[in-house]
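K.L.:
Have a look at this one before I ask anything.
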Amino acid sequence: MNALADTRTYLAADEMRHGEGNDRLLHAELTRLNWALVLPLLSEDSVIGALVVGPKLSGDPFYPHDIDLLMTLANQAGIAIKNAQLYTEVVLANEYIENIVATIESGVLATNAGGQVTRFNRAAAQLTGLAAGDVTGRPVEAAPEALARLVRATLTDGRPRTEPEVTLPGADVARPVICTTSSLRDPDGGVLGAVAVFSDLTPVKELEAERRRVERLAYFEILASSIAHEIKNPLVAIKTFAQLIPRRHRDEQFVDEFSRVVTREIGRMERLVERLRSLSRPSDRPKQPLDLRGPIRDAAEFLRPVFEEKRIALAVNTGDEPRSVVGDAGELESLFLNLLLNASEATPPDGTVTVDLVTGPDHVAVTVADSGPGIPPELLEHVFDPFITTKPRGSGLGLSICAGIAAAHHAKLRAANRPAGGALFTVEFPIAVPIEGSFAHEDGSARHGR
């Protein structure tokens, strides 16, 4: 074989009879084996085997036309062997792919260029409630419509698609799945077919529901603890005075002090309850299109004496053009009152608070910036949670109420620290777009007008 690999041509015993060196050794070996002719089986210029021919029974030598015929046979044999090897590799690769597709938990649906289903694995059958035999070999429309639509679209333009959540009918119950489609292409980029891979989101949704449940429990634990703390201080004061009434009820100064303290502490509890009610249930009053500049200016005018008393410069830049949103003027004024009050309390004397109204392509943004110390980094992500405050006497409900009002108006409320110092609160409202009989937010939700 080494001699064949070196020469890549036939070896004839008769031609080596009178040779020297290696030829003499090869002739001796061929004679011992009774081989008259050895022809290489070639594949891409590599020797993959040999065709061995013994001496002619007539004793005649092998003539050139005999050798040419045998070389042609050897070449064909080499090609046949290589094809057999390639076929075996393809079969093994297909079996390997089939095993992978059959065992993965995600559903797999593959089609050829004509949209005929070529693969429909076990997970796909379980998720759709369809037997593989009812889908394989048929047009992709035999699969659920949600899958067929995505696959057809990918076959048409060759572009991949991802549908974050699709509902499949299933055998027993409808299942939410995430589905991704991709095109299958040849080396030249031509579309050979498409494949859809879809996974059951039910376990993920169950985990998400469990996570939300645990978060709600933790939230209510914090809420209950905070409410108890907020109510405990007024109750202690009232209880202390109440215990002294039997001995000091004739003391006019004590009675006056008792009346003043009890009234003050009950007022504190009433204000806490009122703020909790505002936090727990947003107003269901109908929302109408309005100029956002109105609630901003009303809130600023109401709090201007507070800013002047503390020598804080308040700048309100709302522009000359109306900024239309869908909302409730009273709730929005309360939103801006809380943001401005929060800014005034965070800003030291002789500081500044700036309100800007900016219009984007699909939203109206209101920013409230102060020159205070900013929000501690560890509280930045929790600043809108109830009872989170950096103020010694704050209830920690103002920003939570702001978040609730913003959510009820389809607005996004964000908090950040400015690079130059101070906090920055941004509220983004969708622009009100007039449609027949109503006004709609840019996000598509409608509010009927009068």
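The values are calculated or read from the model by the stated rules, or taken from the named source; none is laboratory data. Predicted model only: the values in this text are computed from it and were never measured. Reconstructed Cβ throughout: ideal geometry from the backbone, glycine too, with neighbour counts over all protein chains shown.
K.L.:
Can you pull out the residues in the range 11-48 that are loosely packed, with under 12 Cβ neighbours inside 10 Å and either in contact with a Lys or Arg (Cβ under 8 Å, 6 or more places away or on another chain) or not assigned by TED's automatic domain parsing to the domain that holds Ala84 (or both)?
P.N.:
Across the range 11-48, the qualifying residues are Glu44, Asp45.
K.L.:
Return the pair list, or none, for Cβ contacts closer than 6 Å from residues in the range 25-38 that are over 13 Å from Val52 (Cβ atoms) and free of Cβ contacts under 8 Å to residues at least 40 places away in the same chain to residues that are assigned to a loop (DSSP other than H, G, I, E, B) and of a type in the set (A, V, I, L, M), at least 6 apart or on different chains.
P.N.:
His27/Ala13
K.L.:
Out of everything in the range 156-168 that is in contact (Cβ under 8 Å) with a residue 24 or more places away in the chain and farther than 14 Å from Ser183 by Cα, what residue ends up being surrounded by the most Cβ atoms within 10 Å (Cβ to Cβ)?
P.N.:
Leu168
K.L.:
On to the next question. Given the criterion crowded, with 21+ Cβ neighbours inside 10 Å and either modelled with pLDDT of 90 or more or part of a helix (DSSP H, G or I) (or both), identify the matching residue among Val326, Val353.
P.N.:
Of Val326, Val353, the one residue that is crowded, with 21+ Cβ neighbours inside 10 Å and either modelled with pLDDT of 90 or more or part of a helix (DSSP H, G or I) (or both) is Val353.
K.L.:
I've got another one for you. If you scan the range 101-135, which residues turn out to be buried (at least 18 other Cβ atoms within 10 Å of the Cβ), over 25 Å from the mean Cα position of the chain (by Cα) and farther than 17 Å from Asp200 by Cβ?
P.N.:
Hits for the range 101-135 are Thr111, Val117, Arg119, Val135.
K.L.:
Tally up the residues in the range 84-100 that are hydroxyl-bearing (Ser, Thr, Tyr), modelled with pLDDT of 75 or more and either more than 24 Å from Gly190 (Cα to Cα) or surrounded by 15 or more Cβ atoms within 10 Å (Cβ to Cβ) (or both), please.
P.N.:
1
K.L.:
Tell me which of these Ala50 doesn't satisfy, since it passes every other one: (1) under 60 Å from the mean Cα position of the chain (by Cα); (2) in a helix (DSSP H, G or I); (3) hydrophobic (A, V, I, L, M, F, W, C).
P.N.:
Among (1) under 60 Å from the mean Cα position of the chain (by Cα); (2) in a helix (DSSP H, G or I); (3) hydrophobic (A, V, I, L, M, F, W, C), Ala50 violates only (2).
K.L.:
Checking Phe302 against (1) at pLDDT 90 or above; (2) more than 19 Å from Leu413 (Cα to Cα): exactly one of these is not met. Which one?
P.N.:
(1)
K.L.:
To continue, here is another question. When only residues in the range 363-409 that are at pLDDT below 80 and of a type in the set (S, T, N, Q) count, which is surrounded by the fewest Cβ atoms within 10 Å (Cβ to Cβ)?
P.N.:
Of everything passing the filter in the range 363-409, Thr390 is surrounded by the fewest Cβ atoms within 10 Å (Cβ to Cβ).
K.L.:
Quick one: which of Leu127, Leu201 is of a type outside the set (Gly, Ala, Ser), in contact (Cβ under 8 Å) with a residue 40 or more places away in the chain and within 17 Å of Glu105 (Cα to Cα)? Talk me through it step by step, then tell me what you get.
P.N.:
Details: Leu201 fails: in contact (Cβ under 8 Å) with a residue 40 or more places away in the chain.
Answer to the check: Leu127.
K.L.:
Can you find even one residue in the range 282-291 that is modelled with pLDDT of 80 or more and either more than 38 Å from the chain's Cα centre (by Cα) or closer than 19 Å to Leu340 by Cβ (or both)? Before the answer, list the steps.
P.N.:
Pass one, the range 282-291, residues modelled with pLDDT of 80 or more: 288-291.
From the residues that got through so far, the ones that are either more than 38 Å from the chain's Cα centre (by Cα) or closer than 19 Å to Leu340 by Cβ (or both) too are 290-291.
The answer is yes; a qualifying residue exists.
K.L.:
With respect to Val135, is the statement that it is touching a residue at least 60 places away in the same chain (Cβ under 8 Å) and among the aliphatic types (A, V, I, L, M) true?
P.N.:
It is false that Val135 is touching a residue at least 60 places away in the same chain (Cβ under 8 Å) and among the aliphatic types (A, V, I, L, M).
K.L.:
What number of residues within the range 302-317 are among the charged types (D, E, K, R) and in a loop (DSSP other than H, G, I, E, B)?
P.N.:
Adding up the residues that qualify gives 2.
K.L.:
Which of the residues spanning the range 138-155 are closer than 19 Å to Leu192 by Cβ and either among the small types (Gly, Ala, Ser) or free of Cβ contacts under 8 Å to residues at least 24 places away in the same chain (or both)?
P.N.:
Answer for the range 138-155, where residues must be closer than 19 Å to Leu192 by Cβ and either among the small types (Gly, Ala, Ser) or free of Cβ contacts under 8 Å to residues at least 24 places away in the same chain (or both): Arg138, Ala143, Ala148, Ala153.
K.L.:
Could you tell me how many of the residues in the range 137-155 are buried (at least 19 other Cβ atoms within 10 Å of the Cβ) and not in a helix (DSSP H, G or I)?
P.N.:
Residues in the range 137-155 being buried (at least 19 other Cβ atoms within 10 Å of the Cβ) and not in a helix (DSSP H, G or I): 2 in total.
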